[in-house]
């Protein structure tokens, strides 16, 4: 069977040279190449950024299989999986805020150590549901490890698999779609190496053999010495195209000439 790779950007801004590097590696891996739009963040994702993704990748000379999967069209699928896992005791509703969790762990900041949180179903769950209080779905990590044996993931604690605002999470949607689309090789930046063990655990919970996961180097901005990132307003492919750069220029810039 022919291997399958994918490039899965979020349309929360224009692509930068680091995205180009990752997309080219995946497209030229000798596999079926999929493009997936990870647009669950409905407050930051914009149609113009999604359009630019298609334009930038086509400009680079990359070809991907159609149709393109958009995660915003699969929210009901992710929700159904969470409800199935809830029935099996693998996830539970958590009504706590980040501040609640930080306070309970003695953390100095509201966001600190939230990902390492370990909790339990709320004894007042029915009352809080009746009041319409928002909740997230958290993984019962202890139960998940019992089933999968993936003890390396324990350090992540009871991670959120369903956010309060969108009902799913990057971890759940990403792994569910990789499994459903038959992805056999994940090639992504080394900034995501820390979550590989967690994703392997989720693959096994879904009943799938995890794909091969490799992490490539990060492309650094020569002006700052830091990796390219949307949040830092890094130079974008959209802007470079307007400045007259060619696909060959981009390849040389990221070391793929």
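Quick note: the coordinates plus some simple rules give every number you see, no bench work behind them. It should be emphasised that the depicted structure is a prediction, and the values quoted were computed from it without experimental measurement. As a convention, Cβ positions derive from the backbone with ideal geometry for all residues, glycine included, and neighbour counts pool all protein chains shown.
What order do you get for 139-145, 20-26 when each peptide is scored by the mean count of other beta carbon atoms within 10 Å, highest first? Please list the in-between numbers first.
Values: 139-145: 20.0, 20-26: 22.1.
So the order, starting with the most tightly packed, is 20-26, 139-145.
Mind running the shape call on region 75-170? Use the C-alpha gyration tensor, a ≥ b ≥ c as the square roots of the eigenvalues: rounded below 1.5 for a/c, prolate if a/b tops b/c, oblate otherwise. Could the numbers behind the result be given before it?
Working: a/c = 1.58, a/b = 1.03, b/c = 1.53.
It comes out oblate by the Cα gyration axes.
Hey, fewest Cβ within 10 Å first, where do 38, 190 land in order? Write down the numbers at each step before the final one.
Working: 38 19, 190 12.
Taking fewest neighbouring Cβ atoms as first place, the list is 190, 38.
Stretch residue 145-residue 163 to full length: gain in nm at 0.36 nm per residue minus the Cα-Cα span?
Details: separation 18, 0.36 × 18 = 6.48 nm, distance 2.16 nm.
Between residue 145 and residue 163, full extension yields 4.3 nm more.
For the chain, give me the percentage of DSSP beta bridges that are antiparallel, rounded to the nearest 5 percent.
Details: 7 of 18 bridges.
Looking only at bridges with both residues in the chain, the antiparallel portion is about 40 percent.
GNM on the chain, C-alpha springs below 10 Å: top fluctuator among 169, 136, 234?
234
With angles folded into 0 to 90 degrees, how steeply does helix 196-205 sit against the dominant principal axis of the chain? Use alpha carbons for both and round to 10.
60
Return 85, 64 ranked ascending by Cβ neighbour count within 10 Å, so the fewest neighbours appear first. Spell out each step's value before the answer.
Working: 85 22, 64 19.
Listed from fewest to most nearby Cβ atoms, that is 64, 85.
Quick check: the angle from helix 75-87's long axis to the longest principal axis of the chain, C-alpha only, nearest 10 degrees?
That works out to roughly 30 degrees.
Would you kindly state how much longer the chain becomes between residue 226 and residue 63 on full extension, computed as 0.36 nm times their sequence separation minus their alpha carbon distance, in nm to one decimal? Spell out each step's value before the answer.
Working: separation 163, 0.36 × 163 = 58.68 nm, distance 2.95 nm.
Taking 0.36 nm per residue and subtracting the Cα distance, the gain is 55.7 nm.
Between 185, 81, 243, where does the largest GNM mean-square fluctuation fall for the chain, given springs only between Cα atoms within less than 10 Å?
For the chain, modelled as a Gaussian network with Cα springs under 10 Å, the answer is 243.
Remind me, relative contact order of the chain in percent, using alpha carbon pairs under 8 angstrom and six or more residues apart? Kindly include the intermediate steps, with their values, before the conclusion.
Details: 385 pairs, mean separation 60.1, N = 257.
Relative contact order comes out at 23 percent.
Please give the FRET efficiency for residue 185 paired with residue 77, using the beta carbon to beta carbon distance and R0 = 22 Å, rounded to the nearest 0.05.
Details: r = 23 Å, r/R0 = 1.05.
Working from the Cβ atoms, E equals 0.45.
Between 83, 188, 36, which gets the highest mean-square fluctuation from a Gaussian network model of the chain, Cα cutoff 10 Å?
It is 83.
Taking the 0 to 90 degree range and rounding to the nearest ten, how far is the long axis of helix 17-27 tilted relative to the main principal axis of the chain, both from C-alpha atoms?
It works out to around 90 degrees.
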